[in-house]
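Here the structure comes first, spelled out in structure tokens, and everything after it is commentary.
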Amino acid sequence: MSDAPQPALPRMTRQRAAVLVALESSEDFLSAQQWHESLRDHGSAIGLATVYRTLQALAETGEVDAVRDAAGEVLYRRCGNRTRHHHHLRCRECGAAVEIEGPGVEEWASGIGERYGYSHVEHMIELTGLCRRCTTKEG
């Protein structure tokens with residue numbers, strides 16, 4: 001992870017609070033549209049553009065993790081571990097995810113940076129597959 005300062009957290013608004021509550025209710029990575037639908041289903045009148053902006057701002061500050069699916073769409077999830085760099089194993093079908101450690105990856109990335117004279121090396125590694133539930137549905 002970078003030692004660069006993180007952007008300041010945006011002020012807490014009613015809409016931001018609603019998005020954070022929704023994020024706490026699921027362990028799956030979902031698109032902004034899916035989060036918006038979930039909020040609307042639970043009675044929120046928040047607009048889609050506000051959900052997009054809020055999720056992007058939260059991702060920039062590290063409050064949520066963002067990954068891209070196979071189609072290039074950004075998916076968001078609020079992880080339990082927001083203070084330490086980590087990776088995910090995500091189901092391509094339903095978005096379920098687990099946090100995984102990757103000490104070998106961290107050492108490898110650091111070594112590559114050192115070999116070529118780089119510092120503050122950052123990386124993103126995403127592992128995808130089918131969870132048990134989706135594998136069972138398939139077969």
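Computed from the coordinates by the stated procedures, all read-outs in this text should not be read as laboratory data. Bear in mind that the values here come from a model prediction, so they are computed numbers and not experimental data. Here the Cβ positions follow ideal geometry from the backbone for every residue, glycine too, while neighbour counts run over all protein chains shown.
Descriptive notes on the structure:
- If you wrap the tightest convex hull around every Cα atom of the stretch 22-68 and split its volume per residue, you get 72 Å³.
- Note on the chain: with a GNM built from Cα contacts shorter than 10 Å, the maximum mean-square fluctuation among Ala66, Ala45, Ala18 falls on Ala45.
- Degrees, to the nearest 10: 103-115 long Cα axis against longest axis of the chain: 60
- Ranked by how many other Cβ atoms sit within 10 Å of their own Cβ, fewest first, the residues Ser25, Ser110 fall in the order Ser25, Ser110.
- Mean-position separation - Cα centroids, the stretch 66-122 and the stretch 8-43, in angstrom: 22
- Relative contact order of the chain, pairs being alpha-carbon contacts under 8 Å that are 6 or more residues apart, as %: 25
- Each eigenvalue of the Cα gyration tensor of the chain, multiplied by 5 and square-rooted, gives one semi-axis; in descending order these are 28, 22, 11 Å.
- Rounded to the nearest 5, the antiparallel percentage of DSSP beta bridges internal to the stretch 14-138 is 75%.
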